[in-house]
1. If only one of Gly9, Gly73, Gly31, Gly56 is over 16 Å from Ser106 (Cβ atoms), at pLDDT 95 or above and open to solvent by 20 Å² or more (accessible area, probe 1.4 Å), which one is it?
2. List every residue pair whose Cβ atoms sit under 7 Å apart, with the two residues 6 or more apart in sequence or on different chains, where the first one lies in segment 97-122 and is touching a residue at least 24 places away in the same chain (Cβ under 8 Å) and the second, anywhere, is open to solvent by less than 40 Å² (accessible area, probe 1.4 Å) and assigned to a helix (DSSP H, G or I).
3. Which is among the small types (Gly, Ala, Ser) and open to solvent by 40 Å² or more (accessible area, probe 1.4 Å), of Ser79, Ser84?
4. If a residue must be among the basic types (Lys, Arg) and either closer than 13 Å to Leu4 by Cα or open to solvent by less than 30 Å² (accessible area, probe 1.4 Å) (or both), how many such residues does segment 15-28 contain?
5. Determine which member of the set Asp89, Asp62 is open to solvent by less than 30 Å² (accessible area, probe 1.4 Å) and at pLDDT 95 or above.
Amino acid sequence: QVQLVESGGGLVQAGDSLRLSCAPSGRMSSGYAMGWFRQAPGKEREFVAGITSSGGQTSYADSVKGRCTISRGNANTVSLQMNSLKPEDTAVYYCAARRFGVSRFSSDYTYWGQGTQVTVSS
């Protein structure tokens, strides 16, 4: 069973930057699109960014466009660089993987991580 493991979360101040990373703990074949989602207390899980298996196409939520960059490395690793962080970015951030293309719907993803907390103070 593949498990994704996120890292890089923490407590920062508004305007700071963070880089989240995600890697599979087990063997995971190629061909997976990767996505980042987040969930704030009392809110539904929402799409943040996604990248195709080749890395050739990316997609972002309007709320983070221009402030975040998703990228992928070898072996299905993926990163999310977040700049100019705002208090409303506070949430648990999850990494997810699915076959074929990027989807903005969490129900379309097969594999998930446990999440990493990002807290932005004002």
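1. Of the residues listed, the single one that is over 16 Å from Ser106 (Cβ atoms), at pLDDT 95 or above and open to solvent by 20 Å² or more (accessible area, probe 1.4 Å) is Gly9.
2. From segment 97-122, the pairs are Val118/Asp89; Val120/Asp89.
3. After applying the criteria, what remains is Ser84.
4. Residues meeting the conditions: 1.
5. One residue alone meets the criteria, Asp89.
The values are calculated or read from the model by the stated rules, or taken from the named source; none is laboratory data. Quantities reported herein were computed from a predicted structural model and do not represent experimental measurements. Cβ: placed from backbone, ideal geometry, glycine included. Neighbour counts: every protein chain shown. Side chains included, ligands, DNA and RNA excluded: accessible areas come from the protein's heavy atoms. Shrake-Rupley method; radii C 1.70, N 1.55, O 1.52, S 1.80 Å.
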